[in-house]
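The values are calculated or read from the model by the stated rules, or taken from the named source; none is laboratory data. This one's a predicted model, so the numbers in the text were calculated from it and none came from an experiment. A quick note on method: Cβ atoms are made from the backbone with ideal geometry, for glycine too, and the neighbour counts reach across all protein chains shown. Surface areas here come from the heavy atoms of the whole protein model, side chains and all, with no ligands, DNA or RNA. Shrake-Rupley method; radii C 1.70, N 1.55, O 1.52, S 1.80 Å.
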Amino acid sequence: ERGAGGEAEDGRADALMLTAAGDDPNNDAADALETGSAIALSQSALVAAKRRAGLSRWLRRHAKRSVEAELQAVRDPAEAVLRLLAAHQLAAAAAVAAAAGDVRLATLVAQASGRQTVQPDVAEQLEVWQQAGMSQSLQPDRLLAYKLLAGQVEEVQQRLRLDWRRYLGLLLWYCSSPTAPVSEAVQQYRQALLTDRHTTPPPAPSYIEGGGPQLRGGRAASLVQVSPTATDLHYELLQVWAEQQQQQEGWQPSSLAALLQAAAYSPNPLDASLAWHLLTALTP
């Protein structure tokens, strides 16, 4: 098993990868096209697609760690499909649905990542069920799986209680176009924070989400200061990223204060190691 220190090191590496992601449009361009379609893109559009694909991979990797543990206690196929969909593990979700005899849902799941999404059709079907009073006859988790495929994520979040990264993943995968920029999903998450704080998970640092401080190198416990208002470094990076996409020419970060505070990635207020690297990467 990986210890807390290993997960903290992964988080620091992830932050640096997010900082540099998408700067070179010539590396692994095929990874940016989720459907593999041979579409001619301008260089700027290709960079945007690469960034979206990179963020999607990072969110899937984070979600996979959690859902693998959750599935050990799941016995209901409908719940397993829902949790796999929420982690964007589409092949596994389709396989579980097919094995349970739910061929219709398996077929829809298999099409969920295509450029021509099934979202409008599923939304229309949900409306028909609602008007006919048939929604209540469906298994709750199976109905939620259909709602997720239709881009309706609020009830799924209430059911699964996902952390902010996994909730952002729902917005990226199911509430925005496959060709939409990263800034669209980030803006949707920021808006949800403002309008529905009771349901939307706050962007808390990973050491707070993990249930306690994580110190490295045996540092004294007296240095620990867990800030209840601290926001995760990855979230601050994504906000800078979205701001850059919106402003482009002559862009400068509006504020580096939240991004560079140690509380964004460590409970130790004297840990400036990652902040130094970020400042070097973000300033000319």
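I'd like to check one number: the per residue accessible area of the range 104-150, probe 1.4 Å, reported in Å² as a whole number.
Result: 59 Å² per residue.
Express the carbon and sulfur contribution to the solvent-accessible surface of the range 69-208 as a percent, rounded to the nearest whole number, probe 1.4 angstrom. Before the final figure, lay out each step's value.
Numbers: 3390 of 6720 Å².
The C+S portion of the solvent-accessible surface of the range 69-208 is 51 percent.
Please give the length that would be gained between V128 and T107 if that part of the chain were fully extended, namely 0.36 nm times their separation in residues minus their C-alpha to C-alpha distance (nm, one decimal).
Here the segment from V128 to T107 would lengthen by 5.6 nm.
Please compute the contact order of the range 64-131 in relative form: average sequence separation of alpha-carbon pairs under 8 Å and at least six residues apart, divided by the residue count, as a percent.
Value for the range 64-131: 20 percent.
Listed highest first by mean packing, meaning other Cβ atoms within 10 Å per residue, what order do 50-59, 166-175 come in?
166-175, 50-59
Let me know the volume per residue of the alpha-carbon convex hull for the range 133-198, in Å³. Don't jump to the answer; show the numbers that get you there.
Working: hull volume 6.2 nm³, N = 66.
Convex hull volume per residue, Cα atoms: 94 Å³.
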